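Asker: Structure in structure tokens, see below.
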Amino acid sequence: MDRHLVIVCLNFPADEVQSARGLLKLLVNFLPGRCEIAGPDQEGDLYLVNLDAETPANPPEGAYVVGCSIRPREHAPGTIHRPIRPSAMLAVVSDFVEKFPGTDKSSAKTSGVNKPEKKTEDPPGGLEWNYQLLSWPLDFQQMSMESWRVLAFLSRYRASIPQIVKATELSEGEVSSIVRQLTEIGSITRSANNPNTPAATFSQGDDEPAAPPSGWRKLASKMGKLLGFGS
């Protein structure tokens, strides 16, 4: 994102607003950019609206709105659970940023969202595909734990198939299948890079591009615990 993503929680009790702020702090290493929660009387980019309120205030006309309810299945598709869960906050923010990369909704609506190519052709001679996470899938909780490994790794690093294989300890076939799936649903993008150029591999500047980055397992473990996987 070019600037902070401003989230407004409408019709929420004060304790749930504070809890949502806490979620942003917990998810800071996993969110696609900087986020903050503004007061209900301030202008926001993304509006989370409590649909259970008896006398709800309405968001501005044309605003990007996500409904929240204790019983989300009783409302329109896309409604998330209330109180807001870490997985829902992550998915909602990632989905918004994918649709409106610069948080400028007007320009995003006219220019459209850039989706990664779905072609499977080989990269130009001497180069290889590097992959980078765009957003966490909205249904990532239903995905395999192997997919979680790849998502956790690509949430911090841009890497090739061999690098993902080495870092996640999955087979090349498993990684290729997961990468293909994530590419098809628009969660990752790719670029052709020289495999012998360190600067063109891990975005965090590792000296050894093919080595698994230290701390990624801790990152994946922490993410799993936040979202209710593992003890």
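Any read-out appearing in this document is the output of simple, stated calculations on the displayed coordinates, not a laboratory observation. Not measured: the values here are computed from a predicted model. Cβ placement follows ideal geometry from the backbone for every residue including glycine, while neighbour counts extend to all protein chains displayed.
Asker: What relative contact order, as a whole-number percentage, does the range 5-111 give when Cα pairs under 8 Å and 6 or more residues apart are counted?
Answerer: Once normalised by length, the contact order is 27 percent.
Asker: Same structure, new question: Which GluC sites (Glu not before Pro) does the range 30-68 hold that lie in a coil by DSSP with at most 14 other beta carbons within 10 Å?
Answerer: For GluC sites (Glu not before Pro) across the range 30-68 that sit outside H, G, I, E and B with at most 14 neighbouring Cβ atoms in 10 Å, the list reads 43, 54, 61.
Asker: Roughly speaking, what is the stretch gain from residue 132 to residue 145, that is 0.36 nm per residue apart minus the C-alpha to C-alpha distance, in nm to one decimal?
Answerer: Extra length available between residue 132 and residue 145 comes to 2.8 nm.
Asker: With just the Cα atoms defining each centre, how far is the range 164-192 from the range 1-43? Give it in Å.
Answerer: 30
Asker: Mind checking the range 1-45 for trypsin sites (Lys or Arg not before Pro) that DSSP puts in a loop (not H, G, I, E or B) and that have at most 14 other Cβ atoms within 10 Å?
Answerer: Answer by residue number: 3, 34.
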